[in-house]
Amino acid sequence: MTQEKKFYSFRQNNSGGFFKELENGMFHLIVEANSAQEANEIAQEQGVYFNGCEDGLDCECCGDRWYTTSEYNVVNEDELSDYDGYLIIRKDVKT
Ligand SMILES: [Zn+2]
């Protein structure tokens with residue numbers, strides 16, 4: 001049985017008027033995960049952080065740079081190529 005793949009997106013807010021590069025010119029993130037909670041954990045391993053304003057990392061007036069993802073941010077696998085500027089993290093394939 002194969003589990004349906006789910007991809008969760010994280011769109012970076014340009015808090016303070018600038019974006020932070022994640023990797024190789026990628027500023028936004030998509031991670032493959034089984035749940036939004038898992039996606040949020042994987043994102044944090046990629047340099048994403050939440051509660052940036054509260055922690056004094058982000059501009060108060062612009063808001064947090066990153067927000068946690070949810071089921072509303074699920075992207076279809078066949079649409080991934082439309083997401084320019086997104087770093088895509090796939091799960092390791094285990095057999
Ligand atoms: Zn601001």
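Here, each number is a calculation from the coordinates, and none is a lab measurement. These numbers were taken from a predicted model, which means no experiment stands behind them. FYI the Cβ positions are ideal-geometry reconstructions off the backbone, even for glycines, and counts take in every protein chain you see.
At-a-glance table
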{"quantity": "Cys residues of the chain counted as unpaired, since no other Cys beta-carbon is under 4.7 Å", "calculated": "53, 61"}
{"quantity": "Dimensions (Å) - the stretch 41-95, Cα atoms, principal axes, largest first", "calculated": "43, 26, 21"}
{"quantity": "Rel. contact order, % - alpha carbon contacts under 8 angstrom, at least six apart, the chain", "calculated": "40"}
{"quantity": "Value at 222 nm in deg cm²/dmol, rounded to 500, when DSSP H runs of n ≥ 4 in the chain each add -39,500 (n - 2.57)", "calculated": "-3000 deg cm²/dmol"}
{"quantity": "Folded to 0 to 90 degrees: helix 36-45 orientation relative to the chain principal axis, Cα", "calculated": "60"}
{"quantity": "Those aspartates and glutamates that a straight Cα-Cα span of less than 18 Å connects to residue 5, excepting residues fewer than 8 apart in one chain", "calculated": "32, 38, 41, 71, 77, 78, 79, 82, 92"}
{"quantity": "Test item: Cα-centred dipole of the chain, Lys/Arg +1 and Asp/Glu -1 on Cβ, debye", "calculated": "140"}
{"quantity": "Computed P(r) (all Cα pairs; the chain; 10 Å bins; percent)", "calculated": "16, 47, 29, 6, 1"}
{"quantity": "GluC sites (Glu not before Pro) lying in DSSP loop within the stretch 17-95, provided at most 10 other Cβ fall within 10 Å", "calculated": "54"}
{"quantity": "Hits among aspartates and glutamates - C-alpha to C-alpha of residue 20 under 14 Å, sequence gap 8 or more where chains match", "calculated": "58, 64"}
{"quantity": "Positive-end residue of 57, 47, 75, charge dipole of the stretch 41-95 with Cβ unit charges", "calculated": "47"}
